[in-house]
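Working notes, beginning with the structure itself.
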Amino acid sequence: MRSLALLAAVAAGGSAAGSSAMKEIVEKLREMQKKAKEEGDAERKVYAKFKCYCDTTREEKEAAIKEAKVNITEAETEVDKLRALNGQYGIEKAQMTREKGSAEDARDADVALRATHQKQFETDKSYMEASITQLEEVVAVLGAMEPAKPAALVAHETKGSFMKPKANLLAAKSQLQKVVQDVQTLSAGDRSKVLAFLSGSAGGASTGEIKKILDNLLETFKDNLKELVSMNNVAIDTHDDFVSGKNSTITLLSDSIQEREDDMGDNAGTIESDLTVISTLKTQIEDDESFLEDLNQQCSDKAEEYEKRNQLRVEEAAAISKAIAILNSDEAFDTFGATEKKQDKVSFVQVSDVVDKASSKTQAMLRAEVAQDLHALARKSKDLRIARIALGVKKNEAIQKVIGKLEEAKKAIDKEQEEDDHKKGFCEEEQKQNEDDRDARQEEIEDLEERKGLLEGDIEALDGVIETTNADIQSFKEAMATEKDNRRKDYREYNVEVKELKTANKLLTKAIKVLKKFYERNADEEAPALVSTKAHVKSKEDPAPPETFGDADSFEGQATKGNSVIALLEGIKADNNVELQAETEEEEVAQADFEAFMTDTQADMQRAKEQVADAESLRAEKRKHLAQTEDDLKNVEQQKKDIEKYLESIHPGCQFVHDNYKLRKDARTEEKKQLDVAIDKLENAPANQ
């Protein structure tokens, strides 16, 4: 059996003097009463083991219940946060689903509209192609005929080489009539001539004149067909870009929706797992509390029983025996030995020569001269109006009527000049406006590209923030887990130390109690006293008393030893109380430090989570703005291309106007001068004087 001297050594910091004192106490107790040892030792062992069981089990169960409640609170907090987060994710998903539906509706509506426009384009194209074919056939037929032949005769020609042209004309008659009636660019006079030609009416224009009208109409149809095809191609490109942009938006939204669904699924799984843990922990707490209630009752009953049994040991031998049993048992040595502390198209008029004046000639000669001059001017200017006027002069048409026609020709020239002025102004204004629009689009493109780059940079930076902050959150979790483990370990060690010190003090208290109880009781009672302090009066009738145990000094010595043992035990107990107080204060500081660390770390982790949530929200907004910026960039780039394409389309005509405007204006001025000369000659003709 280990020596009880370990008790004093631990209480006094492991000093040799403490060890020696404990040995001395044990020896004194043995001297005082050896016979009480066996019974007291046996009972102490049984109860000490049971008491150790009670204390250890109670502490373990209480710690388990406390830890389970903390874990439940943490799990419930996480469940609440995840449910709130899933609610927010649900709102975001619904919003993105609505946006996706709107994008799909817009795309589908544009697809349907494009199909309608394409169908109309095919109809218009077929109509134009058929009209062109019919016009080409008729023009070819007319080209094979005599240009000066009256067109009305064509319808009655039945002999020779005109049989086949007539057949072709008759076959195209119905279609041509519809075309001529529908076309808007044909003048009323030309339309009447062509319709008269097709109906075979007498009189009317010549074959060459009809052919010229139809040639112009054919060119108009061809130009219109080209423009129709070009506009349709532009519409197709615009449609394709629009659909592509919407599809990109739909894909981005679908990915975002799936990401939210994945997040919500992960959160739901975590919530389910946490709820299972909470249910398990609550069941465990109920079981542990029920067990603890039974244990406390059992231990309380056993304690009462033990105390009652101790009270029976009122005699000195029983008291000393019990003290020896308490201080000299295996349990005591184990307890005291374990108290050591642990650490922690415009036509062109050419210039003609000036008509020489001839004021002295006869009217016939004058008419011939004017007619000749006008014919020359008509040939050079390619102006049929002048040619027809020259023909009237030559046929002796009334001079005033000829002069009126010449004045009308001058007005027509002025009108043509006005048209050139209008075209020049239109080109200058249209080119400048579109060039300004093109430059504005280029600036807008540069701004959008810069914005796109900034957004991409922001998104990349946010990706880094989210990654780094998530890593910090994981570090916080690991640090808290490690701190929890260390705290549990330190707390268990503290409990072991405190339990051992308390157990030791309980043992010491019991030992002191039984010793004091015996000696204090016997100090107050005079019988049975170890030494009598009264003189015995001897009567001469009584017999002489027998020998006693000796004088009083011998019993006083026994009492002195008992009192010294009590004093020594009380000193050891006081030292244990000092150590117990130090352990408790140290544990309170450690627990406070732990709680502060956990609170601060939890706050840091919460701030990090909020930072991640804010960064993810901002990143989603940035991605949305990036997608919109990319769509805007595509639209503006397309607008710039359309403007550049339009500028290219009007450049040839506008460049012609720009290059020939002065020449054309000068030519018209000169032509009007020649017409004025002709008018002057006619007005001064002999018949007019």
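The values are calculated or read from the model by the stated rules, or taken from the named source; none is laboratory data. Please read all numbers here as calculations on a predicted model, not as lab measurements. Every residue, glycine among them, receives a Cβ derived from its backbone with ideal geometry; neighbour counts consider all protein chains shown. Heads up: the accessible areas ignore ligands, DNA and RNA and are worked out on the full protein's heavy atoms, side chains in. Shrake-Rupley method; radii C 1.70, N 1.55, O 1.52, S 1.80 Å.
Just one of (1) modelled with pLDDT under 80; (2) under 60 Å from the mean Cα position of the chain (by Cα) fails for ASP421. It is (1).
The single condition from (1) out of contact with any Ser or Thr (no Cβ under 8 Å at 6 or more places or on another chain); (2) of a type outside the set (S, T, N, Q); (3) surrounded by 14 or more Cβ atoms within 10 Å (Cβ to Cβ) that ALA504 fails is (1). Every test in (1) farther than 18 Å from ASN505 by Cα; (2) of a type in the set (Val, Ile, Thr); (3) buried (at least 16 other Cβ atoms within 10 Å of the Cβ) is passed by VAL565 save one, and that test is (1).
Here LYS452 meets the list (1) basic (Lys, Arg); (2) over 30 Å from LEU633 (Cβ atoms); (3) open to solvent by 50 Å² or more (accessible area, probe 1.4 Å) almost entirely, failing just condition (2). Tallying residues that are farther than 20 Å from LEU448 by Cα, among the aliphatic types (A, V, I, L, M) and crowded, with 16+ Cβ neighbours inside 10 Å within region 602-649 yields 5. So, ASN576, is that one modelled with pLDDT under 90 and either surrounded by 13 or more Cβ atoms within 10 Å (Cβ to Cβ) or not charged (D, E, K, R) (or both) or not? Judged against the criteria, ASN576 is a match. With respect to the stated conditions, ASP80 is assigned to a helix (DSSP H, G or I) and under 32 Å from the mean Cα position of the chain (by Cα).
To keep it simple, each residue is scored yes or no on (1) open to solvent by 40 Å² or more (accessible area, probe 1.4 Å); (2) in a helix (DSSP H, G or I); (3) under 30 Å from LYS513 (Cβ atoms).
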{"position": "ASP237", "(1), (2), (3)": "yes, yes, no"}
{"position": "LEU252", "(1), (2), (3)": "yes, yes, no"}
{"position": "MET264", "(1), (2), (3)": "yes, yes, no"}
{"position": "ILE271", "(1), (2), (3)": "no, yes, no"}
{"position": "THR276", "(1), (2), (3)": "yes, yes, no"}
{"position": "THR283", "(1), (2), (3)": "yes, yes, no"}
{"position": "GLN297", "(1), (2), (3)": "yes, yes, yes"}
{"position": "SER300", "(1), (2), (3)": "yes, yes, yes"}
{"position": "ARG309", "(1), (2), (3)": "yes, yes, yes"}
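Every residue, every condition in (1) open to solvent by 60 Å² or more (accessible area, probe 1.4 Å); (2) modelled with pLDDT of 90 or more; (3) out of contact with any Gly (no Cβ under 7 Å at 6 or more places or on another chain); (4) among the aliphatic types (A, V, I, L, M), yes or no:
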| residue | (1), (2), (3), (4) |
| --- | --- |
| LYS380 | yes, no, yes, no |
| ILE386 | no, no, yes, yes |
| GLY404 | no, no, yes, no |
| GLN431 | no, no, yes, no |
| GLY457 | no, yes, yes, no |
| GLY464 | no, yes, yes, no |
| ALA471 | no, yes, yes, yes |
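Taking region 636-649 as the range and being farther than 14 Å from GLU435 by Cβ and acidic (Asp, Glu) as the test, only GLU637 passes. In this structure, does ASP447 turn out to be at pLDDT 90 or above, of a type in the set (D, E, K, R) and open to solvent by less than 80 Å² (accessible area, probe 1.4 Å)? No. Selection within region 650-670: residues that are open to solvent by less than 20 Å² (accessible area, probe 1.4 Å) and touching an Asp or Glu at 6+ places or on another chain (Cβ under 8 Å). The member of this set that is farthest from LYS432 (Cα to Cα) is ARG668. Of a type in the set (Lys, Arg) and either within 23 Å of GLU416 (Cβ to Cβ) or modelled with pLDDT of 50 or more (or both) - does that describe any residue in region 348-359? No, that holds for no residue.
Listed by first and then second residue, the pairs linking a residue in region 227-245 that is under 17 Å from SER649 (Cα atoms) to a residue that is of a type in the set (Asp, Glu), with Cβ atoms under 8 Å apart and 6 or more places separating them unless they lie on different chains, are LEU228/ASP124; VAL234/ASP642. Does MET128 fit the bill of being within 30 Å of GLU209 (Cα to Cα) and surrounded by 15 or more Cβ atoms within 10 Å (Cβ to Cβ)? Yes. Residues of region 78-125 that are open to solvent by 60 Å² or more (accessible area, probe 1.4 Å) and among the hydroxyl-bearing types (Ser, Thr, Tyr): THR97, SER102, THR116, THR123. Scanning region 473-501 for residues that are open to solvent by less than 60 Å² (accessible area, probe 1.4 Å) and of a type in the set (Lys, Arg) gives LYS484, ARG487, LYS499.
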